[in-house]
Amino acid sequence: MPSSSSDSSSNPTQIIEHIVLLKVRPSAAPSAVTAMLRNLNSLVSLEPVLHISAGPISRCRSTSASLTFTHILHSRHRSKPHLTSYANHPTHVTVVSNYVRPIVDDVMAVDWVADNFSGSAAVPPGSAMRLTVLKLKEGAAEKRGKSEVMRGIKEKFPSIEQLSVGENFSPERAKGYSIGAIAVLKGVAGLDSEWNEQKDKVINMEFVDDVVVLDYLVPPTVKLASL
C-alpha cells in the first residue's frame, strides 16, 4: 500500500536520512531534467518511503572546487532495512536507470540515523532546507564526537523547525564525507540571517577538512508519475 509522507510515523524516535546530490550535465534537455524530478518524486508511492523530495539546489558552496551539485533528492525511512528495500525496489532501479544516469555527471550520497527525532517525518512544502556535509580530519572522529563538530545548532538558531545530525553509514558513495546535518526552516529568509552571521560558531573547523553546504527550497507535492 502506498505510504504518504505524513502518515504512519508522525512522531518517530528514529528515522533514516537519505541524501543524494546530483550534478546534471549542462547539455541535458530541460524536458529530461523535468522527467527525472517527476519520476524521483513519484517514488513516494513506495511503501518503504516516509518522505521524499527532489528538486534543484538553490545554492551550493563547497571548500572543494570539484563538487558543484545542481539537484538533490532527500528521503526518509523507518529503518536501514527500509532504505535497502527502497534502493532495491524495481521501480526505483528503473527510475535511476532510465531518468537519472543518462543526464547526470556526478553523484554523491550520504545516509545517517537521526536519533531522538521529533515531529513529522515529512518536510512541509515551501520549507527551506540547509544541508551540511563534513569531511573530518584524520583522527577527528576519535578525538571528538559529532556533537563537538556541529556545536549547539538548535540552541543558537531557534528558527529551525527540524534538525537532524548524524554519522554517515554508507561510505562507498560519500566521497569521504562522514557527517551530515539537515536544518529545516519555514522559509528562505532564515537561511541568510542569523545562520550566516554565526556559521563559524556552528561548524568547528578545527576538526574539519572539507565542507559542502547547500540550500534547497522544498517544492509543492508533485503528482505521481506513470512509470
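Any chance you could run the full-extension gain for SER58 through SER97? It's 0.36 nm times the residue separation minus the Cα-Cα distance, nm to one decimal.
11.5 nm
Using the basic label-point model (7 angstrom from Cα toward the beta carbon), what is the SER118 to ALA65 distance in nanometres?
So the two model labels end up 4.5 nm from each other.
Determine the shape class of region 10-94: with a ≥ b ≥ c the square roots of the Cα gyration tensor eigenvalues, call it rounded for a/c under 1.5, and otherwise prolate if a/b is greater than b/c, oblate otherwise.
Working: a/c = 2.29, a/b = 1.46, b/c = 1.58.
Since a/c reaches 1.5 but b/c is at least a/b, the shape of region 10-94 is classed as oblate.
What FRET efficiency comes out for GLN14 versus LYS186 if R0 is 35 angstrom and r is the Cβ-Cβ distance? Round to the nearest 0.05.
Working: r = 25 Å, r/R0 = 0.70.
Calculated transfer efficiency: 0.90.
Which of the peptides 175-185, 88-98 is most tightly packed, and how do the rest follow, judged by the mean count of other Cβ atoms within 10 Å per residue? Walk me through the numbers before you get to the answer.
On the way: 175-185: 21.5, 88-98: 13.9.
In descending order of packing, they fall as 175-185, 88-98.
Read-outs: derived from the displayed coordinates by stated rules, not from any lab. Everything quoted here is computed from the prediction, not taken from an experiment. For neighbour counting, all protein chains shown are included, and Cβ atoms are generated from backbone atoms with ideal geometry for every residue, glycine included.
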